[in-house]
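What follows is a set of notes on a single structure, which appears directly below.
Every read-out reported here was derived from the displayed coordinates using simple, explicitly stated rules and does not represent laboratory data. It should be emphasised that the depicted structure is a prediction, and the values quoted were computed from it without experimental measurement. All Cβ positions, glycine included, derive from the backbone under ideal geometry; neighbour counts span all protein chains shown.
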Ligand code: MLT
């Protein structure tokens, strides 16, 4: 594993040991970094190539993937700009490492930027696992996500993300043609063992 700086993002890359697995794009939550989700990636898709960038926006020193005005209130112009930047990074990393289109695995803020990336740049991601995601854009762009598999994992007791909001995101993605599986877990905002099991089983079943 090496720390690399591509033109656009600091990130880590772990080479695949199982070529049959799609690469994962790991997107951390607020205050995380490029190291955070590497163990999760190894648990849910053993042997897959991992690409894990660090969000470039700092909120009181904590890395994120886009600016927010308050908890759950996003600077949508920044969401659009940063999602496009991240999409460009994915294309760079694919070229650099010879990778297929990745499946994003995002947690919280990382799940929100992954949802924005899906809607703004269809085709860049082969699919997505969105853990504790919410609607990133009030007016979603018209996107063609036909056949793109997406797993949305929501915590029924999440104090940050109302279940209704996560349901709206799942509906937006499905309306754009994505094949959406939405599971509501007896959990809060934090990642749980159930998330890990569901994500692993979903990836194995779909081989997306
Ligand atoms: C966000 O800002 O993306 C969400 O509120 C989740 C978080 O990062 O706390």
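Run the simple label-point estimate for residue 194 and residue 67 please: 7 Å along Cα→C-beta, distance reported in nm.
With each label point 7 Å from Cα toward Cβ, the separation is 3.7 nm.
Can you tell me the alpha carbon radius of gyration of the chain divided by the globular rule-of-thumb value 2.2 N^0.38 Å?
0.91
What are the semi-axes of the equivalent ellipsoid of region 1-106, taken as the square roots of 5 times the eigenvalues of the Cα gyration tensor, listed largest first and rounded to whole Å? Write out the running numbers ahead of the final one.
Numbers: eigenvalues 119, 41, 28 Å².
Whole-Å semi-axes of the equivalent ellipsoid: 24, 14, 12.
Taking Rh as the Kirkwood radius computed over C-alpha pairs, what is the Stokes-Einstein D of region 105-208 at 25 °C in a medium of viscosity 0.890 mPa s, expressed in µm² per second? It would help to have the intermediate numbers written out before the result.
Values: Rh = 13.3 Å.
In µm²/s, the coefficient is 185.
Using Cβ counts within 10 Å as a stand-in for footprinting exposure, how do 196, 131 rank, fewest first?
Working: 196 16, 131 31.
Lowest to highest Cβ neighbour count: 196, 131.
For the pair residue 156 and residue 96, what calculated FRET efficiency results from E = 1/(1 + (r/R0)^6), where r is the Cβ-Cβ distance and R0 = 30 Å, to the nearest 0.05?
0.15
For region 66-149, what is Rg from Cα atoms divided by 2.2 N^0.38 Å, rounded to two decimals?
In units of the globular-protein estimate, region 66-149 measures up at 1.05.
Fewest Cβ neighbours within 10 Å first, please rank 94, 64, 197 accordingly. Before the final figure, lay out the partial values.
Values: 94 18, 64 24, 197 12.
Neighbour counts put them in this order, fewest first: 197, 94, 64.
Quick check on the exposure proxy: order 65, 74 from fewest to most C-beta atoms within 10 angstrom.
Final ranking by Cβ density, sparse to dense: 74, 65.
Could you state the number of Å between the C-alpha centres of region 48-101 and region 184-208?
Between the Cα centre of region 184-208 and that of region 48-101, the gap is 22 Å.
Extension gain residue 142-residue 33, at 0.36 nm per residue separation less the Cα-Cα distance, in nm?
Numbers: separation 109, 0.36 × 109 = 39.24 nm, distance 3.12 nm.
Taking 0.36 nm per residue and subtracting the Cα distance, the gain is 36.1 nm.
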